[in-house]
1. Please work out the Cα convex hull volume for the chain and give it in Å³ per residue.
2. Out of the GluC sites (Glu not before Pro) in the range 83-151, which ones are loop residues according to DSSP with at most 12 other C-beta atoms within 10 Å?
3. Over the range 212-274, calculate the relative contact order: mean separation of alpha carbon pairs under 8 Å at least 6 apart, over the residue count, as a percent.
4. Can you give the convex hull volume of the alpha carbon atoms of the range 131-274 per residue, in Å³?
5. With a point put 7 Å past each Cα toward its Cβ, work out how far THR8 is from LYS247 in nm, to one decimal.
6. How many angstrom lie between the Cα centre of the range 1-67 and the Cα centre of the range 89-114?
7. What is the Cα coordinate range of the range 2-53 on the first, second and third principal axes, sorted by size from largest, in whole angstrom?
8. Tell me the label-point distance for the pair LYS272, ALA46, using the 7 Å Cα-to-Cβ offset, in nm and rounded to one decimal.
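No lab work stands behind these numbers, since they all come straight from the coordinates. Keep in mind that what you see is a predicted model, and the values were worked out from it rather than measured. Virtual Cβ from ideal backbone geometry, glycine too; neighbours counted across all protein chains shown.
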Amino acid sequence: MRLLTLRTSEGTTAVRQDGGTLTEIDGFADVGELLRDPAWAEKAAAAAGATHPLDGADLAAVVPAPGKIICVGHNYRNHIKEMGREVPDYPTLFAKYAESLIGPNDDLALPQESDAVDWEAELAVIIGKTGRRISEADAGDHIAGYAVLNDVSMRDYQFRTIQWLQGKTWEKSTPFGPALVTGDEFTAGPLMTSAVDGQIQQQTPTGDLVFTPEFLVSYISTIITLNPGDVIATGTPGGVGHAQNPKRYLQDGQTLVTTIDGLGQLSNRVIKER
């Protein structure tokens, strides 16, 4: 299944996508709320609410307000190499907050304060079942599905200190969606790309991870309980603007497109905050 969060004149609603049609899943304001129901998959599959065309739909971030957004750094070998680092023994973890999330076609806010805003295409894992100390073998049972995310980073703020948070969670900076695609329809492996004004910057298979989604679920759940709707952003591959010579960053008026085959596309116009 493909599950999305649709904005309507009355608010938001969780919907199921069937080709070019979106069907409302009655009683659930968004996909995050849906996932908190233990019978989410059955209710989504059986939904027969009002329908909307996918074409022109106003989509919110697929999970608009996750309880946790845990991001992984240095998880693709080609990105580790371009940043001059060593392959890590353990995942590098940091956090984002829900205020950073935007929909798959929303404008991306370019802050007045940063001149070094960079792209980072990522595969996002969305949790569907609560768990603590989940084994790697059981991790797949706790994954509701996958989506596309771009961990847009303010590099000048990121590298002010050895802690990255201040460069990673700016408001309205992180496109996320368009859909949650359930695990029976997607596994890590297909190609992921990012492009700026049509010029491809990143192009790497999502299966080229140092730490797999299952390992990350197990590792993170050792530290803290994972709940339905929580998001794990699994890291970005090589091709970021900060590693280019000369360095390249997003500019006002550009369009950032992030695609993972089988999951969909984010297309976000970059707009300087006034």
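1. So the per-residue hull volume is 120 Å³.
2. GLU86, GLU113
3. 20 percent
4. 132 Å³
5. 4.6 nm
6. Measuring centre to centre over Cα atoms gives 23 Å.
7. On the principal axes, the range 2-53 reaches 28, 22, 15 Å in Cα extent.
8. 5.4 nm
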